[in-house]
Each structure stands twice: as structure tokens, then as C-alpha cells.
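I have placed the structure first, in the form of C-alpha cells, so that the comments after it can refer back to it.
Where a number appears in this text, it was derived from the coordinates with a stated rule and is not lab data. All values reported here derive from a predicted model rather than from experimental measurement. Glycine gets a Cβ as well: all are built from the backbone with ideal geometry, and neighbour counts include every protein chain shown.
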Amino acid sequence: MKSYLLPEFVIDRDDFRCIRCEVCVRQCANDVHWYDEEDDACYLDETKCVGCQRCATLCPTSALTVRRNPASNPDNANWTMDVLMNIYKQAETGGVLLTGMGCDRDYPIYWDRMVLDASQVTNPSIDPLREPMELRTYLGAKPDALEIKGEGANQRVKTRMAPQLKLEIPVMFSAISYGAVSFNTCESLARAATEAGTYWNTGEGGLHSKLYKYKDHTICQVASGRFGVHADYLEAAAALEIKIGQGAKPGIGGHLPGEKVSAEISRTRMIPKGTDALSPAPHHDIYSIEDLSQLIYALKEASHWVKPVSVKIAAVHNSAAIASGIVRAGADIVVLDGIRGGTGAAPTMIRDNVGIPIELALAAADTRLRAEGIRNRASVVVAGGIRSSADVVKAIALGADACYIGTAALVGMGCHVCQKCYTGKCNWGIATQDPYLAKRLNPDIGARRLTNLLRGWSHEIQEMLGGMGINAIESLRGNRQRLRGVGLSREELDILGIKHAGE
């Protein structure tokens, strides 16, 4: 059958600059480039290009330029080129359209529609270089009140505190499973979290035995497939997370293609080598809040009541009500993952059309938990498209305790968001199990890049707090007076619980 698909990208090669070094040939896992000895020339097949920019980045003479294919159909707002290409693909394959990373639809990004207030004369700003600035955050259930015993210097807290996670910066690495990404990627995340005083999340792929040494900064996830879940796994965690859903595919289960299930992943996930790892959408032991409560307490019992337990759900229209049920079920942390949440593999139509923006879900959940008087009984962590320190600060002002970053962390290690993670041919060595490709990510360099990223964000967060006249992140949490909307409707402002700029 003749394919009607046009190349997604166009590659321009400057033959005058090209020195036939074959770097592009060796670096491309998609076989786009090849060298012909007889002609002494490099050739390419643009139909195979995924736009990862690896060849252009590493070309020593900058002879390559990779750009979007400008070819398009006549102007039509409804039948765009993307729509036509999707139909052509399905007409030729009869399959479900798959993609990686987060939603790339042009939905409003509310972080960009909100600005932060700043201090001027009557409430002077604070210089974080010369005055103390507290970013430390504790995640976990807090008591309604503290009972103090003793007097003076001998005062002690009598109230028994629930287990807490201590973060030196209110940012953690989101759930990214071993299998979806390479071992070197997981090690980079674990080492960076340990060095920066925060946490990384195993995702639903279990924990490789070589990473147990990072257990004090590891959050271990328990998903419906129970991959890699056993007693030692539960012990090798600072906290446990029950995954109900994720922002990239609400209501859809996990899927790791069999091509990615190597011998090491087979051992870690406790599944046969080369078989698809499928997590059903629902947990078949959870059909009510009471069922969820049983699993929460079972995990607490199994981990000797010394580890916080979180529950992760996708941001949907009734996230606030679900969050309330999760808190009442005994969870210490509620995780909300918005429509822009990333993934290694998801049906394109699900990723782009199911779920709601994290900003709206967070505002609604925080408002409801406060109205019910139970906000202190659990911390709230948000994920799904957190791109910068400014997004983190706005999320905390909107009601979050901390943020998860996934895509931003992968980009920090070199990801160019080509959205082809599900193929296993990641030219940057991140979303692959190919030993040749995986070697391209050096965990020493990956960890250093991630710690640099978090260090830079922490400095910026301190500067923003100082500009607001705040010397502790705790004082910003849920303080929506420090946020103002720009170009938002009255209904959007009401849901977010903020005023319009100038109001």
C-alpha cells in the first residue's frame, strides 16, 4: 500500500560544511542517515526522522538543520495537517495512535495567565543573599493542634506526629518507571534527589537492586499491575505511593511494550522477558473509598507505620471530591497530575483530550479541603507541566505543598521532546533499553545536570519569595492574595480563587 504520509521533518545538509565524518550516521537510531563510500557522500531518508535534533546538535561543523516540514494542505481550521496525517496513519495501519510526553494542544496554560505580587514600600522586600530564606518543606499529615509539655527551655512537643518527608526544595522528581526509561536515567534521578535533599519516584516499574542504596530519597509506587512490589521493595522506600491515575491518560492503564522488557527489567518487574507489561486501568481491589482505605492501611502496616503513603490521581472534573475522599481514607499526601503530564506511551487521543489543567484541579481541591477543615490532614503535591521555578511558586501560592517534575527533569538530562518515547529508540539514551543508546546518558553527567537545575530553581524561588517580602515557603502556601490573573474570565478567576491584576 502506498503511504500518503508526508515526512514530518525536513533535513537540510550543507554539503560544503559536511566533512563526511559519519557522526550523524552513528548517532541516529532511526537510520535516517547513511554514508556511500563510492560517492563519498552522506544521504538521508527524511520519512524516518523524529525531530530529536541529535544529529544537528552533535554535527561538528553544524552542517545539518532539522525543521518542521512546511508542506501543508490548503488553509482549513478544521482539517489541519495534523488531523489529516493522523487519519492517513490509521487508514494504513488500523491501529491506535500512540505518542509520548505530555499534551501539546493549545489549551490555556494558566501559569502563564497568573502573575505574582511584589513588595514595595510599606511591606519591604527581603534580600535572600543576606537574610535567611527557608525553602524546607515537610510532606505528610499534620495534627489539628500541638500539645506542649514542660516549661521554658525544657518544652517538648507531646503530640505524636505522623511520618513526614523532608524536602530541602519543594520540588521532587515525578514517577518515571524503569523500563519506560533506561537504568542510567533512573540512577541520575536517584543520585540528584539524594544530593539535592529531595525525592525521586520509581513509577510503576519496581526498583532495580542497584538503586536500593538511595532508599532514603526514594518514593516507591504501587500501581494496579503490582510490578516489582514485594517486601524488600516496600522497605527500600522513604514513602509509598498508590497510583490510581496519571495526567497523560486518566482512566487508562499502564503499558510497557514487550520490546522494552529486557532481562533486567524482567527481573525487576517480575514478569517474563519480552512480554508486554499491562497495568489495568482500575485496581481490582479498589472500588470505593473504603477499599482505598484498606490498601492505605495495609501499606502502612507492611511498612511499620513509619512511611507516609500518598495517592496519585489524574486531574478530572471531580478531583476535589476525590481528594477529600483520599484524605478521609487515611492518605498522608494527595498527588494531582494534570492534562499536561508526560508519559512514555499513551493513546494520542486520550493524552490530548482527557483530563483538565492542573491549575484548576489544584485550586478546586485546596478550596474544598479547607472548606471541610481537613486540609492539614494531608499534603498536596501537583504535577503535569511544571516547567520552571515560577510555576512552582505559583502552584504553592495556589495551594500546593510541593511539585513533581518529570518532563522538565528529562529535558534537563538532554531530552528534546520528540515524543517518540514509546519506540524505544531514544537517541539521547533516556527512554530506551538499547544498550548502545543507553550508554549515551552518563549518570555522573545526568545527576550533575539535574542538581544544577534544582540549584538554579532554588535560587530563583528565594528571589521571588524575597521580592514578596516572605522569608519562608510555608508563608506562601495557599496565599492566593499574592497571585493576580491576567486576561482571565470571571469564571476562571472564581475557580482559581484569585483577583484580576489591577483589581
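One Cα centroid belongs to the stretch 283-330, the other to the stretch 363-430; the line between them spans 20 Å. Positive-end ranking of 79, 98, 309 along the dipole of the chain, with charges on Cβ about the Cα centre, is headed by 309.
This model, with +1 at the C-beta of Lys and Arg and -1 at the C-beta of Asp and Glu, gives the chain a dipole about its Cα centre of some 1260 debye. Taking the Cα centre of the stretch 52-181 as reference, the dipole from Cβ charges on Lys and Arg (+1) and Asp and Glu (-1) amounts to some 480 debye.
For 413, 133, the sequence from fewest to most other C-beta atoms within 10 Å is 133, 413.
Helical runs assigned H by DSSP (4 residues or longer) give the chain a calculated mean residue ellipticity at 222 nm of -8500 deg cm²/dmol, each run adding -39500 (n - 2.57) before division by the residue total. Each of 429, 502, 363 was scored by the projection of its Cα onto the charge dipole of the chain, and the greatest displacement toward the positive side belongs to 363; charges sit on the C-beta of Lys, Arg, Asp and Glu. Tell me the angle of helix 319-328 to the major Cα principal axis of the chain, expressed in degrees between 0 and 90 and rounded to the nearest ten. That helix lies at roughly 50 degrees to the long axis. Taken about its Cα centre, the stretch 9-95 carries a charge dipole of roughly 480 debye when the Cβ of each Lys and Arg holds +1 and the Cβ of each Asp and Glu holds -1. For the stretch 243-281 versus the stretch 99-120, the inter-centroid distance based on Cα atoms is 30 Å. Once C-alpha pairs closer than 8 Å and six or more residues apart are averaged by separation and normalised to the residue number of the stretch 136-183, the relative contact order reads 42 percent.
Listed from fewest to most Cβ neighbours within 10 Å, the set 382, 486 follows the order 486, 382.
To the nearest 10 degrees, how steep is helix 81-93 against the longest Cα principal axis of the chain, on a 0 to 90 scale? It is inclined by approximately 70 degrees.
For the pairs 243/499; 89/260; 166/312; 142/243; 394/439, note any where the Cα-Cα span goes beyond 27 Å.
Result: 243/499; 394/439 exceed 27 Å.
Mean sequence separation of contacting Cα pairs (under 8 Å, at least six apart), scaled by the length of the chain, corresponds to a relative contact order of 19 percent.
In the chain, the DSSP beta bridges split such that about 40 percent are antiparallel, to the nearest 5. If you line up the long axis of helix 289-302 against the longest principal axis of the chain, both from Cα atoms, how many degrees apart are they, to the nearest 10? Once rounded, one gets 90 degrees. Computed as a quarter of the hull surface, the mean projected area of the alpha carbon convex hull for the stretch 62-107 stands at 5.6 nm². Using C-alpha pairs under 8 Å with a sequence gap of at least 6, the mean separation divided by the residue count of the stretch 364-503 gives a relative contact order of 23 percent. Each of 25, 181, 66 has some number of other Cβ atoms within 10 Å of its Cβ, and from fewest to most they run 25, 66, 181.
Considering only 414, 176, 56, and ranking their Cα positions along the charge dipole of the chain that arises from unit charges at the beta-carbon of Lys, Arg, Asp and Glu, the one farthest toward the positive end is 176.
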